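S.K.: This is the structure, below, for whatever I ask next.
The values are calculated or read from the model by the stated rules, or taken from the named source; none is laboratory data. Nothing here was measured: the structure is a model prediction, and the numbers come from that model. Neighbour counts are summed over all protein chains in view; Cβ atoms, including those assigned to glycine, are modelled from backbone coordinates with ideal geometry. We work out accessible area using only protein heavy atoms, side chains counted, and drop any ligands, DNA or RNA first. Shrake-Rupley method; radii C 1.70, N 1.55, O 1.52, S 1.80 Å.
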Amino acid sequence: MTDKDIENKDTVDPMIPQESASEEFDTAGKSLSDALGISFVVLKIIMIVLVIAFLASGFETVGPEEQALVLRFGKIQKVLDSGPHWIWPYPIDEIVKVPVETKVNLAVNSFWYWENALGDAPQFRQTDPYNPLQHGYCLTRSSLEDEPVILNEAVLEEAGLESQAGQEEQVLDFEGNDYNIAHTRWQLTYQIINPEYFFRNIQIRDAKPGELYADVIKSEIQPLLTSMLESAVVTTMVHFTIDQVITIRDTISNNVKVKLQDELDKIDSGIKVVSMQITESIYPPQVKEAFEAS
Amino acid sequence: MRNLAITIFIVLIVVTLGFYLVSFQVRETESCIVTTFGKATRQITEPDLYFKWPFPIQQVHKYDSRMRSFVVEPEETQTAGGEPIIVNTYVVWRIAEPLDFYTSIKTVQSAEYDFLRSMIRDVQNYVIGRHNFSDFVNSDESRVIIDDIQGEMLAELRQDITEAEYGIEIKTLGIRQLKISEDISTQVFERMRAERNQKAVKITSDGEAMASAIRAEADSISRILLSYAESRAKEIQGEGDAQAAQYYALLDEAPELAAFLRDIEALKEILKTNTKFVSSTDWGPLRLLKNIPDIEHAEPNEP
């Protein structure tokens, strides 16, 4: 009996921890698998939520003054008008909103003499020249009616210069390239009417977070528009005389408008010139007295 | 079941990642080149989804292929007649062939400052050197061909760039400032003043001619009016005399009555206002006031 007991004891004793061990393993394994199961469920839920969020991020509203371009894999696919829309989110679709109703003003003062920050011009004496790096101006042609200048007594008297007795009449001959110098200030109002052309052709950097794309457009496009406007002005003004610049402003600004629109259309910019105006036009201060007398 | 879900999930992730590694998009505004082991092999200018071998086998370099403007600093150059002229030109350009661009120029900044600037300068000097100042501005408007000059510069520049194979397209070119040097500006002002003064003289002398013409006309008109007025006056006087003669005839018929009536008239005139008048009662019209018969006062009626 004792042998059996001892034997039984021997066999039973080590069994007890084994049983508890396997029991422990079982519970541990069970809770682990439970945890995994739960985490998988959670994971699945998260995945579904992510997918929904992904799809929901494609919901965009196009503002009342905008039109939007939808790019699918980079290619322009369609144009959206203002209102709510849904598109595939990046990287399938991309949306670019372009302001089309806003009319923007641009003032060009590069044809004016230098003024300081307060708008005061320096006092010009009659003999002051124009440093081309400091002052701006346009060249205008002389009119055909201007006969060659004859310095006779009457002219000298008018100019307040003394005529020396016995001085013969001098003919000042300015060959062919008679031109005058005039100052003008311009105001341009423009609008983007073709967002597709505009976006595809004109380089505008992407808006950084926190920036309005419309503002970025305004600042990036300014150098280009200014250059084109100036070129239209320069090439138009040489066709007119300085008297015309001061009197028939509307004709001249109309010519410039047509020319600028032409150039903009030639490069497929999608920009329309709404209006073009000369806000100020004047002769240089150096010749003020002579001009006011005539 | 769970294993299947896991497998699908993993496969999906792998496929998506793999997709990212071998595909790329070229945007409407971009163009790019694909380099294989660093060497440029392929250029893409059309927007779409494309495939490539993943890094480091193939790599993609993208360029913004839209138009941008570039302004060159103002330059003083000479016309055919040797006259100095200051021109400020701008160009609008874009990257058209990214492969050529990549092999020759590489960056936008380099393109503008190392290449375009000197090319534009050369074209400016060349084209302007072929024209006179009178082609830019002229009192005869039909001889102003500044638009053509711009067109010439554009054509020359385009040709130079095509020959150099830079992969750049010049969309347009323009002269945005046309100026003269400081010394010449003083001359221009002198001439402008002289022209204006001459105009002033002309206007004044024209004005005086008109003034004297007006004066002469006024004189002759006034003379005519005066003589007419005089003749008319004589006419009226004659008529008056004739009418007076009629009355004088009447007077002769009853001279005493005429004198009496005349005296009353004179009295009326004299005594119109409060005149204190002292004279002897024998004087002219006042005779009538002597010997006025007594007028009986009318008795007020008793109520």
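S.K.: For the range B:190-281, which chymotrypsin sites (Phe, Trp or Tyr not before Pro) pass both filters: DSSP loop (anything but H, G, I, E, B) and at most 16 other C-beta atoms within 10 Å?
M.R.: B:Phe277
S.K.: In Å², what does the accessible area per residue of the range B:192-239 work out to with a 1.4 Å probe?
M.R.: Roughly 74 Å² per residue, with all protein chains present.
S.K.: Shifting gears a bit: Got a number for the accessible area of A:Lys218? Probe 1.4 Å, square angstrom, nearest 10.
M.R.: Roll a 1.4 Å probe over it and A:Lys218 shows about 100 Å².
S.K.: Please give the solvent-accessible surface of A:Trp86 in Å², to the nearest 10, using a probe radius of 1.4 Å with every protein chain present.
M.R.: 120
S.K.: Excluding same-chain residues fewer than 8 positions from B:Lys106, which lysines have a Cα within less than 21 Å of its Cα?
M.R.: B:Lys39, B:Lys62, B:Lys171
S.K.: For the range B:28-34, take each phi angle, set θ = phi - 60°, evaluate the Karplus expression 6.51 cos²θ - 1.76 cosθ + 1.60, and give the result in whole Hz per residue in order, putting x for glycine and proline.
M.R.: 3J(HN,Hα) across the range B:28-34, in whole Hz: 3, 8, 10, 9, 8, 10, 10.
S.K.: Counting pairs of alpha carbon atoms under 8 Å apart in space and at least six apart in sequence, what relative contact order in percent does chain B give?
M.R.: So the answer I get is 13 percent.
S.K.: Across the residues of A:87-99, average count of Cβ atoms on other protein chains within 10 Å? Each step should come with its number before you reach the end.
M.R.: Details: counts 0, 0, 0, 1, 6, 2, 0, 3, 0, 3, 0, 0, 0.
Other-chain Cβ atoms within 10 Å of each residue's Cβ, averaged: 1.
S.K.: Further question on the same structure: Taking springs between alpha-carbon atoms closer than 10 angstrom, which of B:Asp206, B:Asp114, B:Asp160 fluctuates most in the Gaussian network model of chain B?
M.R.: Top of the fluctuation ranking is B:Asp206.
S.K.: Which distance in Å, rounded to a whole number, links the C-alpha centroids of the range A:225-251 and the range A:106-144?
M.R.: Centre-to-centre distance over Cα atoms comes out at 15 Å.
S.K.: Do any trypsin sites (Lys or Arg not before Pro) in the range B:103-145 lie in a loop, going by DSSP, with at most 16 other beta-carbon atoms within 10 Å of their beta carbon, and if so which? Each step should come with its number before you reach the end.
M.R.: On the way: sites: B:Lys106, B:Arg117, B:Arg121, B:Arg130, B:Arg143; in loops: B:Lys106, B:Arg130.
Loop-located and lightly packed - B:Lys106, B:Arg130.
S.K.: May I ask you to rank B:Trp93, A:Trp114 by accessible area, largest first, using a 1.4 Å probe over the protein chains only? Walk me through the numbers on the way to the answer.
M.R.: Details: B:Trp93 0, A:Trp114 110 Å².
I get A:Trp114, B:Trp93, largest accessible area first.
S.K.: Where a ≥ b ≥ c are the square roots of the eigenvalues of the C-alpha gyration tensor, would you call chain B rounded, which needs a/c under 1.5, or, failing that, prolate if a/b is larger than b/c, or oblate? The partial results should precede the final answer.
M.R.: Details: a/c = 6.98, a/b = 2.94, b/c = 2.38.
Because a/c hits 1.5 or more and a/b exceeds b/c, chain B counts as prolate.
S.K.: Label the range B:1-42 by shape, choosing from rounded, prolate and oblate, from the square roots a ≥ b ≥ c of the eigenvalues of the Cα gyration tensor; if a/c is under 1.5 it is rounded, and otherwise prolate applies when a/b is larger than b/c, oblate when it is not.
M.R.: On the way: a/c = 8.53, a/b = 2.67, b/c = 3.20.
Oblate shape, in that a/c is at least 1.5 and b/c is the bigger or equal ratio.
S.K.: With θ set to phi - 60°, apply the Karplus curve 6.51 cos²θ - 1.76 cosθ + 1.60 along the range A:78-88 and write out the HN-Hα couplings as whole Hz, x wherever there is a Gly or Pro.
M.R.: 7, 10, 10, 8, 5, x, x, 9, 10, 10, 5
S.K.: Just counting partner chain Cβ atoms within 10 Å, what average do the residues of peptide B:162-174 show around their Cβ?
M.R.: Across B:162-174, the average partner-chain Cβ count within 10 Å equals 2.
S.K.: Among residues other than B:Asn138 whose Cβ falls under 9 Å from its Cβ, what is the net charge (Lys/Arg +1, Asp/Glu -1)? Please list the in-between numbers first.
M.R.: Working: positive: A:Arg141, B:Arg143; negative: A:Asp178, B:Asp135, B:Asp140, B:Glu141.
Combined, the nearby Lys, Arg, Asp and Glu give -2.
S.K.: How high is the relative contact order of the range A:62-144, given as a whole-number percent (alpha carbon pairs under 8 Å, six or more residues apart)?
M.R.: 24
S.K.: Across the range A:247-261, in residue order, what do the Karplus-derived ³J(HN,Hα) couplings come to in whole Hz, using 6.51 cos²θ - 1.76 cosθ + 1.60 with θ = phi - 60° and x for Gly and Pro?
M.R.: Ordered by residue, 3J(HN,Hα) equals 9, 9, 4, 5, 4, 5, 5, 5, 4, 5, 4, 4, 5, 5, 4 Hz.
S.K.: In addition: Return the average number of partner chain Cβ atoms within 10 angstrom of each residue Cβ along peptide B:128-140.
M.R.: Across B:128-140, the average partner-chain Cβ count within 10 Å equals 5.
S.K.: May I have the count of lysine pairs in the range A:188-294 with C-alpha atoms under 15 Å apart, counting pairs 8 or more residues apart or located on different chains? Write down the numbers at each step before the final one.
M.R.: Details: A:Lys208/A:Lys218; A:Lys218/A:Lys272; A:Lys257/A:Lys266; A:Lys257/A:Lys272; A:Lys259/A:Lys272.
Lysine pairs meeting both conditions in the range A:188-294 amount to 5.
S.K.: Separate question: What is the interface area between chains B and A, defined as buried accessible area summed over both chains with a 1.4 Å probe, reported in Å² to the nearest 100?
M.R.: Interface area, both chains combined: 6700 Å², rounded to the nearest 100.
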